[in-house]
1. Being within 22 Å of residue 213 (Cα to Cα) and assigned to a loop (DSSP other than H, G, I, E, B) is the filter here, so list the residues in the range 1-27 that pass it.
2. If a residue has to be free of Cβ contacts under 8 Å to residues at least 24 places away in the same chain, closer than 11 Å to residue 250 by Cα and touching a strand residue (DSSP E or B) at 6+ places or on another chain (Cβ under 7 Å) to count, how many in the range 290-340 make the cut?
3. Restricting attention to the range 60-89, report how many residues are in a helix (DSSP H, G or I) and either of a type outside the set (S, T, N, Q) or open to solvent by 60 Å² or more (accessible area, probe 1.4 Å) (or both).
4. Identify, please: which residue in the range 1-59 is of a type in the set (Ser, Thr, Tyr) and surrounded by 12 or more Cβ atoms within 10 Å (Cβ to Cβ) and is, among those, farthest from residue 239 (Cα to Cα)?
5. Which one of these does residue 118 not meet: (1) open to solvent by 30 Å² or more (accessible area, probe 1.4 Å); (2) in a loop (DSSP other than H, G, I, E, B)?
6. Go through the range 272-329 and count every residue that is within 16 Å of ligand 2 (Cβ to nearest atom) and small (Gly, Ala, Ser).
7. Take the range 69-124 and flag every residue that is over 28 Å from residue 321 (Cβ atoms), among the acidic types (Asp, Glu) and free of Cβ contacts under 8 Å to residues at least 40 places away in the same chain.
Amino acid sequence: METKYVDRNIPKISLANFEVRIDEITQELCAAAEDVGFFSIIDHGISQAQVDTMFATSDSFFALPEDTKRTVPWNPQNVGYECRSQIRPSTGAPDQKESYQLQFGENMKGLWMSDDHVPGFKTKSLEFMHSLQKVSERLMICFARGLGFPDDFFVKAHDVTRPDCQTVLRLLHYFETPKDKNSQTAYHRAGAHADWDLLTLLFQREGQSGLEICPGREVVTDFALGDSWTKVEFQPGSIICNIGDLLMSWSDDRFKSTFHRVKAPEEEGDYYGERYSIAFFNQPCKDALIQGPKKKYPMVTGQQFTANAMGLHYKALKRKLEQNATEQAIQSQQKLKTGIAVQSEA
Ligand SMILES: O=C(O)CCC(=O)C(=O)O
Ligand SMILES: [Fe+2]
């Protein structure tokens, strides 16, 4: 089916002279968060060399033999390596990717790839994560101001110096998609979803497009998807940011978490090759208390918020898998009937 595309403006916001321009930046960020839920930031203080080093480190990890990568397996604390195992409720099919989730604290025990396999992996990754945390904290200060909370409100709730902190750096590698149209159904590289964190920072690579967004969600409690998409292309020097479900809920649905996907390449102009990206998910401390200024939703802890988000996710996933199974059963019944008809005609 042909994708319906629309042009949407994805605001580009400069963080230059942050201290002096904080109110202006706050206004721009809040407007972007209320409208499309996606924006890019420039003048953020992270150099292209830092980004290139992290991508090179990620390349070295994914180039390791499968057995080696499987020595740091994914677990439900949202750390570790997985391959084609993430199934989205929007598709009911596994994402065509492998990924490695890294955190700052104790959840990583035994799950860092050793220097013997990728020299300096842990040091380089943590250095990059701390730089992204600094950028995230600037954005958190602005969103706290915009919502009328004290400046350090979100920063305190996302304290990465705590051993039990949940914030994640995800290294992603999407597999090449065969161009042969008859070969199989085109599976999405990452099926449509909204992130369930506060705020995501994303790095793409030049020439490796595929990220698309679908705004229009009204409340965080609803799983509804819109139907028209907008491509988010690589822009040199910028970090793509999107609002997650946590900030949507914490702002009483004022700021929008937006559905997005990495599309299955199947149309003219789509990119079929291998794709690498890096995402940084700001997750709350387990004991953070979450409630918006207007108290639209009951107060929950960070841990409860995550559990509720997972509950909603698995319910939607179950519905989708049941729906897929019903559709498949109908299709095979139809095939059987057609077969019988053809046979009886012959
Ligand atoms: O790879 C990308 O561009 C997007 C990844 C993403 O949305 C995610 O991992 O949540
Ligand atoms: Fe995402």
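The values are calculated or read from the model by the stated rules, or taken from the named source; none is laboratory data. Keep in mind the model is a prediction, meaning the values are calculated, not measured. Virtual Cβ from ideal backbone geometry, glycine too; neighbours counted across all protein chains shown. Ligands, DNA and RNA are excluded from the accessible area calculation, which covers all protein heavy atoms including side chains. Shrake-Rupley method; radii C 1.70, N 1.55, O 1.52, S 1.80 Å.
1. Once the filter is applied, which keeps residues that are within 22 Å of residue 213 (Cα to Cα) and assigned to a loop (DSSP other than H, G, I, E, B), the range 1-27 yields 1, 2, 3, 4, 6, 7, 8, 9, 10, 11.
2. 2
3. Restricting attention to the range 60-89, the residues satisfying the condition of being in a helix (DSSP H, G or I) are 60-62, 66-69.
From what is left, the residues that are either of a type outside the set (S, T, N, Q) or open to solvent by 60 Å² or more (accessible area, probe 1.4 Å) (or both) are 61-62, 66-67, 69.
Residues flagged as in a helix (DSSP H, G or I) and either of a type outside the set (S, T, N, Q) or open to solvent by 60 Å² or more (accessible area, probe 1.4 Å) (or both) within the range 60-89 amount to 5.
4. Step one: filter the range 1-59 for residues of a type in the set (Ser, Thr, Tyr), giving 3, 5, 14, 26, 40, 47, 53, 57-58.
Next, from what is left, pick out any that are surrounded by 12 or more Cβ atoms within 10 Å (Cβ to Cβ): 3, 5, 14, 26, 40, 53, 57-58.
Working: 3: 26, 5: 23, 14: 11, 26: 17, 40: 5, 53: 16, 57: 19, 58: 17 Å.
Result: 3.
5. Unmet for residue 118, out of (1) open to solvent by 30 Å² or more (accessible area, probe 1.4 Å); (2) in a loop (DSSP other than H, G, I, E, B): (1).
6. 4
7. Residues satisfying the conditions are 115, 116.
Yes/no per residue for (1) under 26 Å from residue 265 (Cα atoms); (2) basic (Lys, Arg):
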{"position": "7", "(1), (2)": "yes, no"}
{"position": "14", "(1), (2)": "no, no"}
{"position": "23", "(1), (2)": "no, no"}
{"position": "26", "(1), (2)": "no, no"}
{"position": "40", "(1), (2)": "yes, no"}
{"position": "50", "(1), (2)": "no, no"}
{"position": "73", "(1), (2)": "no, no"}
{"position": "77", "(1), (2)": "no, no"}
{"position": "88", "(1), (2)": "yes, yes"}
